[in-house]
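These notes are about the structure you will find just below.
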Amino acid sequence: MLSFQRPRVFEESAIDDPDPSDSIIEDRPVTYEIVKGGTAKGKDMLVESIGFAYTQKIARANSVTWWCSKRSNSHRCPAKVLQRGNDFRRGAIPHDHPADLGLLHKVKIARQVKDAATSDVYRPAKRLVEAAFHDNIKETDFCLPNPELIARRANRCRQTMRPPEPRGLDFSVEEDAIPDGFLLNVIRMDDARHIIMATQQQLRILQTAKRWYLDGTFKVLRKNTTRIQHRHSTNSSKNYTEKRESSPSRHASSERRSSRKYSGS
Ligand SMILES: [Zn+2]
């Protein structure tokens, strides 16, 4: 006699399958974070964990209405969030644009870089961006911001905080901004001006060097200044073995590019 028993395969496979909600970002609880001074104008920004950001629309005694930060001159996304204390509720009207899942990182990094850039106007923006990435980004993060874009924005916002670039040769050298003893001389020759800088140790190395050689850096210089020239020295042992040591020993900033000026100096 044959007996029939319903197999239990379906139930077991259902138990083994992972809960789909574990791997779908949209099913995670939506969280909100207010980034102080997070907007380009330094206003607070509310960032929603699913990739949207809001700025304040109306602030009342007991509530704040935030509206989506996505806007242009002709269009504004209608999505809103109502905040009461630590409770945030999304409005019924959805966003009319895709989410940006890396938004919180972008806002935090941009804010950190902007603060650092305005408190130290001469520190290279690239270094500030690297530090902000290190502080805010984990290996598993994705949708990362464009570092070059953030560096450019940081430079733009501190543009007016730097002294104006020299427009001719009659500028004054801010000696307080140069380490003690590093500035050796400022020399005018014909229509050029040379600013000579070196440490005493570098000068001692040059004095004992058997050979000097030169190289130049151009891309960091602005108009009217054409070259940062490094003077290097090389020491070789008497029997000309392989061991050679070299060090950048002296720096000269010249306002005019001229091979004649560098020869024999
Ligand atoms: Zn929106």
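The values are calculated or read from the model by the stated rules, or taken from the named source; none is laboratory data. The structure displayed is predicted, hence computed values, not measured ones. Positions of Cβ are generated from backbone atoms using ideal geometry, with glycine treated the same way; all protein chains shown enter the neighbour counts.
Within region 154-167, one or more residues are over 18 Å from VAL121 (Cβ atoms) and either part of a loop (DSSP other than H, G, I, E, B) or of a type outside the set (A, V, I, L, M) (or both). Return a yes/no flag: does region 104-119 have any residue that is of a type outside the set (A, V, I, L, M) and within 13 Å of the ligand (Cβ to nearest atom). Within region 104-119, none of the residues are of a type outside the set (A, V, I, L, M) and within 13 Å of the ligand (Cβ to nearest atom). Taking first residues from region 188-213 that are small (Gly, Ala, Ser) and partners that are part of a helix (DSSP H, G or I), the Cβ contacts under 9 Å between residues at least 6 apart in sequence or on separate chains come to ALA192/LYS261; ALA198/LEU206. Residues in region 34-81 that are more than 11 Å from the ligand (Cβ to nearest atom), assigned to a strand (DSSP E or B) and exposed (fewer than 15 other Cβ atoms within 10 Å of the Cβ) were compared, and the one that is nearest to the chain's Cα centre (by Cα) is LYS57.
Residue by residue, here is whether (1) farther than 28 Å from ILE50 by Cβ; (2) within 16 Å of the ligand (Cβ to nearest atom); (3) without any contact (Cβ under 8 Å) to a residue 60 or more places away in the chain holds:
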position: LEU101; (1), (2), (3): no, yes, no
position: THR140; (1), (2), (3): no, no, yes
position: ILE150; (1), (2), (3): no, no, yes
position: GLY168; (1), (2), (3): yes, no, yes
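Evaluation of VAL9 against the conditions (1) β-branched (Val, Ile, Thr); (2) modelled with pLDDT of 95 or more; (3) away from the ligand (no atom under 16 Å from the Cβ) shows that the sole unmet condition is (2).
Just one residue in the set PHE133, PHE171 is within 13 Å of the chain's Cα centre (by Cα), surrounded by 12 or more Cβ atoms within 10 Å (Cβ to Cβ) and aromatic (Phe, Trp, Tyr); that residue is PHE133. With respect to the conditions (1) closer than 27 Å to ILE50 by Cα; (2) at pLDDT 90 or above, ARG127 lacks only one, and its number is (1). Listed by first and then second residue, the pairs linking a residue in region 67-79 that is farther than 14 Å from ILE50 by Cβ and modelled with pLDDT under 95 to a residue that is within 6 Å of the ligand (Cβ to nearest atom) and among the basic types (Lys, Arg), with Cβ atoms under 9 Å apart and 6 or more places separating them unless they lie on different chains, are ARG76/LYS70.
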